[in-house]
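Student: Structure provided below as structure tokens; questions to follow.
The values are calculated or read from the model by the stated rules, or taken from the named source; none is laboratory data. Only a predicted model underlies this, so the values are computations on that prediction, with no experimental measurement involved. FYI the Cβ positions are ideal-geometry reconstructions off the backbone, even for glycines, and counts take in every protein chain you see.
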Amino acid sequence: MNAKFKLSDSLNLIKSFKTSGTITPSSKSLIKTLLAPIDFKSASCIIELGPGTGCVTRSILERMSPDCVLICFEVNGDFIEQLTALQDSRLRVVNACASSIRTILDELGIEDVDHIVSSLPLALIEDQVVKNILESVRSNLCEGGRFLQYQYSLNNYAELKPIFKAVKLDFTFRNMPPAFVYECIK
Ligand SMILES: C[S@@+](CC[C@H](N)C(=O)[O-])C[C@H]1O[C@@H](n2cnc3c(N)ncnc32)[C@H](O)[C@@H]1O
């Protein structure tokens, strides 16, 4: 796993704090907790929401099988070039909002996805957009699929509970700031 601290990544996140909601990339420990529920052997399509400078993206690519596809949704154009530079034939980088999952899956001819991993700063996104994103996540996950999201507060826990079969909660101190991790099962 490559979750090394890079000063340039932090500077880019700080520059776009209003949409990134953080000043430093996720730690190795947070990424490990976030990705733990994924069975990488059986997954054929994974979506990542809010990849930013790509620390979670690289960890997913390192673990996923040669036949699996990873589709990343990122609104910040400055990060797109950095993500595309990862040059992995299994990776599709889309400069679009996380609420447009269905449109992109239709373009790629994909029916549904195994898992959705999200670093979206839900607390900074407008309520209606969060609702649209969560509905888009739920409706495009396969039965039994996981939605994995970290957050620095429990702000969205109540919103996630009624739309998934189960929501498990984990926590790691080993991140700046410490973070909650939701594992939502469809
Ligand atoms: C906290 S940063 C995450 C960076 C990296 N994944 C990590 O864990 O360190 C959140 C990212 O979400 C992106 N973002 C914010 N709103 C979004 C949206 N509606 N759709 C897609 N990406 C979004 C931001 O541009 C930013 O890159």
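Student: Provide a single number: the residues in segment 143-181 that are of a type in the set (D, E, K, R) and under 18 Å from Val130 (Cα atoms).
Tutor: Going through segment 143-181 one residue at a time, the tally reaches 3.
Student: Could we say that Asn95 is within 15 Å of the ligand (Cβ to nearest atom) and modelled with pLDDT of 95 or more here?
Tutor: Here the answer is yes, as Asn95 does meet what is asked.
Student: For Asn175, are the conditions met, namely being without any contact (Cβ under 8 Å) to a residue 40 or more places away in the chain, in contact with a helix residue (DSSP H, G or I) (Cβ under 6 Å, 6 or more places away or on another chain), surrounded by 14 or more Cβ atoms within 10 Å (Cβ to Cβ) and closer than 20 Å to Thr22 by Cβ?
Tutor: No, not satisfied.
Student: Just to verify a result, which residue in segment 89-105, among those that are farther than 21 Å from Lys131 by Cα and surrounded by fewer than 20 Cβ atoms within 10 Å (Cβ to Cβ), is nearest to the chain's Cα centre (by Cα)?
Tutor: Per the criteria, the residue is Arg92.
Student: One residue is enough: does segment 62-69 have a residue meeting the conditions within 12 Å of the ligand (Cβ to nearest atom) and surrounded by 16 or more Cβ atoms within 10 Å (Cβ to Cβ)?
Tutor: So far as segment 62-69 goes, no, none of its residues is within 12 Å of the ligand (Cβ to nearest atom) and surrounded by 16 or more Cβ atoms within 10 Å (Cβ to Cβ).
Student: So, one more: Here is a list of conditions, (1) over 13 Å from the mean Cα position of the chain (by Cα); (2) farther than 27 Å from Gly109 by Cα; (3) within 13 Å of the ligand (Cβ to nearest atom); (4) modelled with pLDDT of 75 or more, and Ile31 meets all of them except one; can you say which number that is?
Tutor: Of the numbered conditions (1) over 13 Å from the mean Cα position of the chain (by Cα); (2) farther than 27 Å from Gly109 by Cα; (3) within 13 Å of the ligand (Cβ to nearest atom); (4) modelled with pLDDT of 75 or more, the odd one out for Ile31 is (1).
Student: If you don't mind, there's one more thing I want to ask. What's the total number of residues in segment 129-184 that are part of a helix (DSSP H, G or I), more than 17 Å from the chain's Cα centre (by Cα) and either more than 16 Å from the ligand (Cβ to nearest atom) or more than 27 Å from Asp106 (Cβ to Cβ) (or both)?
Tutor: The total comes to 4.
Student: Then there's this: Here are the criteria: (1) within 17 Å of Gln151 (Cα to Cα); (2) crowded, with 22+ Cβ neighbours inside 10 Å. Tell me which single one Ile46 does not satisfy.
Tutor: Tallying (1) within 17 Å of Gln151 (Cα to Cα); (2) crowded, with 22+ Cβ neighbours inside 10 Å, Ile46 fails exactly one: (1).
Student: Check whether at least one residue in segment 159-170 is surrounded by 13 or more Cβ atoms within 10 Å (Cβ to Cβ) and within 20 Å of Val75 (Cβ to Cβ), and report yes or no.
Tutor: no
Student: Regarding segment 130-143, can at least one residue be identified that is among the acidic types (Asp, Glu) and surrounded by 13 or more Cβ atoms within 10 Å (Cβ to Cβ)?
Tutor: Within segment 130-143, one or more residues are among the acidic types (Asp, Glu) and surrounded by 13 or more Cβ atoms within 10 Å (Cβ to Cβ).
Student: Same structure, new question: Test Glu135 against the stated conditions and say whether it is among the charged types (D, E, K, R) and under 20 Å from Cys45 (Cβ atoms).
Tutor: Against the criterion (among the charged types (D, E, K, R) and under 20 Å from Cys45 (Cβ atoms)), Glu135 qualifies.
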